[in-house]
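In what follows, a structure is listed as structure tokens, so that the remarks can point back to it.
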Amino acid sequence: EIHQNDEKHASNQNHENTNSHLFTASFTNNPYPVYEKLRKDEPVFKVMFPHGEFGWIISRYEDAVQVLKDSRFSKDMVKRYGADRQSIFSSTMLFSDPPDHRRLRGLVQKAFTPQLVAGMRSHIQDIASDLLDNLPSQETMNLIDDYAFPLPIIVISEILGVPLEDRDKFRMWSNTFIEASTMKNTVLLQQHVQEFTEYLTAWFAKVRKDPGQDLISQLVIAEESGDQLSEKELLGVVSLLIIAGHETTVNLIGNGILALLEHPEQRDLLIKRPELIHQAIEEMLRYNGPVEFSTSRWASEDIEFRGQHIAKGDLVIVALDSANRDEEQFKDPDVFDITREKSSHLAFGKGIHLCLGAPLARLEGEIAVSTLLHRFPNMRLQADVDTLEWRPGMVVRGVKEIPVQLI
Ligand code: HEM
């Protein structure tokens, strides 16, 4: 019995040890060694989140797919926490279950189909070329601020019909929401939620008087025509699209180019064989996916999962970037290889909440990377990789600034 207690003690210590390595600065910079340990030792890991609540992290590929497809893991956070803990995103597709999920997703799905998005190719190409023509300098740039960030913002602002001049405000508000889990200052968070809500509410009023062809106009018309969409849901879906448009594709482009700069032989291969761009984008999504963890789900009943008892009400999140490096699923998972065949990564999630913007993000990524490489084939990193600063927070995986020498 003493021996058993020792073992239990050792395993508890091991658990505490791993827990203390999660969500630290060094984890943010390079989470992959911690993920490898999780997949090996505790693939269903009970964790204390930075916001002080317990939950489970799922780190293996196969388990990740299972959780993302299992309807017993609910996304309805109002049901979980009650109506008084609502956020701006509570009434969105991302935090609802069927049948609401189907209705809310259905209202915007048509705007993001692969066919419709494919029709935007030449326009997105023009935006990318313009950004490069008008760089502050043709010798150096900050890849994030000068290129990776503006491109998806211009595109989503045009789709929604919101004024591009306000993009600095949108960026500030989005950053606050995304980094909310690491923020001590909730006053700022509340202030930004209020400003953002007021801004959009005023914008909807303007659109109602004079609707155009854009997506917000279509949604406003849907809201007015009956019971398809409430005002709160309208606010939710537009916020979700603005934030998804700001925080994700920028990091596909940033992390993707960074991977090419770190692996010059892969960069040279892509320059020699530009038709590899589709596979290259999939590999960038797998190798350093922009969305590190899925959003939370919670167990709507007691669930036995890989030997662990997940109690009704427990939060569960999927470590997408860990699943994408699972050695059981991918050969040599830590190798960045743009010729990798059929990738089946989970960077866009899986199941009914599979990313709505995936076709758009893929197209933007392809155009951004190809155009930059074509224009500046000799570009290189202007800083030591180890000095790059990764953004804090649990959702987004991306670098704050990437200084690049262009010629
Ligand atoms: C959902 C990733 C770009 C809109 C998701 C999810 C992931 C994801 C992982 C599922 C989250 C979960 O199940 O908890 C990404 C990545 C992107 C990207 C890696 C860029 C490379 C975009 C863009 C848009 C967008 C550009 C909008 C224009 C959405 C929406 C959902 C979603 C609306 C919710 C879908 C639902 O709940 O049914 N995304 N996303 N995403 N994404 Fe994206």
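Taken together, the values in this text are just the output of simple stated rules run on the coordinates, not laboratory data. Nothing here was measured: the structure is a model prediction, and the numbers come from that model. Note: ideal-geometry Cβ built from the backbone for every residue, glycine included; neighbour counts use all protein chains shown.
Highest average first, the peptides 161-173, 308-320 ordered by how many other beta carbon atoms sit within 10 Å of their residues are 308-320, 161-173. To the nearest 0.05, what FRET efficiency results for SER11 and ASP332 with a Förster distance of 25 Å applied to their C-beta separation? With R0 = 25 Å, the Cβ-Cβ based efficiency is 0.25.
For the pair GLU224 and LYS40, label points projected 7 Å from Cα toward Cβ lie 6.2 nm apart. Going from the fewest other Cβ atoms within 10 Å to the most, the residues ASP302, ASP146 appear in the order ASP302, ASP146.
If each residue's Cβ is checked for other Cβ atoms within 10 Å, how do ILE144, ILE178 rank with the fewest at the top?
On the way: ILE144 23, ILE178 20.
Fewest-to-most Cβ neighbours within 10 Å comes out as ILE178, ILE144.
Sorted from longest to shortest, the spans of the Cα atoms of the range 31-121 along the three principal axes equal 45, 39, 23 Å. Membrane-span-like helices in the chain, defined here as complete DSSP H runs extending at least 20 Å along the helix axis by their C-alpha atoms with mean Kyte-Doolittle hydropathy no lower than -1.0, are 186-209, 231-247, 358-375; this is a sequence and geometry rule, not a statement about a membrane.
The slack between ASN30 and VAL187, meaning 0.36 nm per residue of separation minus the straight C-alpha distance, is 53.5 nm.
When the convex hull of its Cα atoms is viewed from all sides, the range 2-405 shows a mean projected area of 21.0 nm². Toward the positive end of the charge dipole of the chain, with +1 on the Cβ of Lys and Arg and -1 on the Cβ of Asp and Glu, the farthest Cα among SER230, ILE317, TYR147 is that of SER230. Counting neighbouring beta carbons within 10 Å and listing from fewest to most, the residues LEU276, LEU104, LEU252 come out as LEU276, LEU104, LEU252.
Considering only DSSP beta bridges whose two residues both sit in the chain, what percent are antiparallel, to the nearest 5? Working shown, then result.
On the way: 20 of 24 bridges.
In the chain, DSSP labels about 85 percent of beta bridges as antiparallel.
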